1. Restricting the search to the range 139-172, which residues are part of a loop (DSSP other than H, G, I, E, B) and under 14 Å from the mean Cα position of the chain (by Cα)?
2. Which numbered condition in (1) within 18 Å of the chain's Cα centre (by Cα); (2) surrounded by fewer than 15 Cβ atoms within 10 Å (Cβ to Cβ) is the only one that residue 111 fails?
3. From the set of residues in the range 207-233 that are part of a loop (DSSP other than H, G, I, E, B) and in contact with a strand residue (DSSP E or B) (Cβ under 8 Å, 6 or more places away or on another chain), which is nearest to the ligand (Cβ to nearest atom)?
4. Of the residues that make up the range 173-189, is at least one more than 21 Å from the chain's Cα centre (by Cα) and surrounded by 13 or more Cβ atoms within 10 Å (Cβ to Cβ)?
5. For the range 2-105, which helices (runs of 4 or more DSSP H) that fit wholly inside it have 3 or more residues that are touching a strand residue (DSSP E or B) at 6+ places or on another chain (Cβ under 7 Å), within 15 Å of residue 220 (Cα to Cα) and modelled with pLDDT of 95 or more?
6. What are the pairs, 6+ residues apart or on separate chains, where a residue within the range 220-246 that is surrounded by fewer than 10 Cβ atoms within 10 Å (Cβ to Cβ) has its Cβ under 9 Å from a residue that is outside any helix (DSSP H, G or I)?
7. When you check residue 184 against the structure, is it away from the ligand (no atom under 16 Å from the Cβ), on the phi < 0 side of the Ramachandran plot and either at pLDDT below 95 or in contact with a helix residue (DSSP H, G or I) (Cβ under 7 Å, 6 or more places away or on another chain) (or both), yes or no?
Ligand code: FPP
């Protein structure tokens, strides 16, 4: 049976987050420059976004550029920024046709002005779309996000806007970049690395983790279905016992 037909549509993850890794190694294996890997990585972004929307996934979050990625060679950073601009320009119609809302999280003011303008333009144009929210994590780092949250809440405490006793998980959630998104249900990382790399540390507290050796430019719809199938076989206990869930 084809993989897609094996999926239980009643038990889809509401929020999938992906660490898209392995573009550089994919290019190297082919004797090409890293840039070639990133270019082909954008094809997987398109395929996985479409497949997720088609299935009925409500939230897809992609780690496109980390706070640490600024340390890469200048030419690679420039290429990633250029690819971002060209993808946004190219995909605006696909986002509209598929009723997908674009969202971005991270230190967006660190991005080149041209990227910020393009991003804000697409976010504005797609803001009323409701089938799926596609969130791009750009200049994103989870520790940076948590620091920013702590600073905002402390300022509110100092100005008597909130009392320390009132700080609970929902207050923290409201101050994160992901304030409008639910917790992550399924976190996928490609390329064989098994680490989180400063991605959504708070939001993945109860996420199911799926690691695959496939390099991001080779990651297809079927690999996504495989990850979701694996997720659907897991028992999510949220701290309870197996018996309590029955
Ligand atoms: C990781 O591969 C990938 C990135 C740091 C960037 C991901 C970017 C894209 C897929 C293209 C642009 C994105 C959008 C949303 C249009 P790596 O370079 O770390 O690979 P390596 O570990 O093999 O060197």
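The values are calculated or read from the model by the stated rules, or taken from the named source; none is laboratory data. Just so we're clear, the structure is a prediction, and the values are computed from it rather than from any experiment. No Cβ is skipped: glycine too gets one built from the backbone with ideal geometry, and neighbour counts run over all protein chains shown.
1. Just the residues of the range 139-172 that are part of a loop (DSSP other than H, G, I, E, B), to begin with: 141, 159-163, 167-168.
Hit for the range 139-172 is 141, nothing else.
2. Unmet condition: (2).
3. Applying the first criterion (part of a loop (DSSP other than H, G, I, E, B)) to the range 207-233 yields 207, 212-215, 219-220.
Of the ones still in play, those that are also in contact with a strand residue (DSSP E or B) (Cβ under 8 Å, 6 or more places away or on another chain) are 207, 212.
Numbers: 207: 20, 212: 14 Å.
Residue satisfying both the conditions and the ranking: 212.
4. no
5. Details: elements: 23-29, 34-55, 74-97.
Here the list reads 34-55.
6. As it stands, the answer is 238/206; 239/206; 242/235; 244/237, since those pairs meet every condition given.
7. Details: away from the ligand (no atom under 16 Å from the Cβ): yes; on the phi < 0 side of the Ramachandran plot: yes; either at pLDDT below 95 or in contact with a helix residue (DSSP H, G or I) (Cβ under 7 Å, 6 or more places away or on another chain) (or both): no.
It is false that residue 184 is away from the ligand (no atom under 16 Å from the Cβ), on the phi < 0 side of the Ramachandran plot and either at pLDDT below 95 or in contact with a helix residue (DSSP H, G or I) (Cβ under 7 Å, 6 or more places away or on another chain) (or both).
Residue by residue, here is whether (1) touching a residue at least 24 places away in the same chain (Cβ under 8 Å); (2) surrounded by 15 or more Cβ atoms within 10 Å (Cβ to Cβ) holds:
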position: 130; (1), (2): yes, no
position: 134; (1), (2): yes, yes
position: 137; (1), (2): yes, yes
position: 141; (1), (2): yes, yes
position: 158; (1), (2): no, no
position: 166; (1), (2): no, no
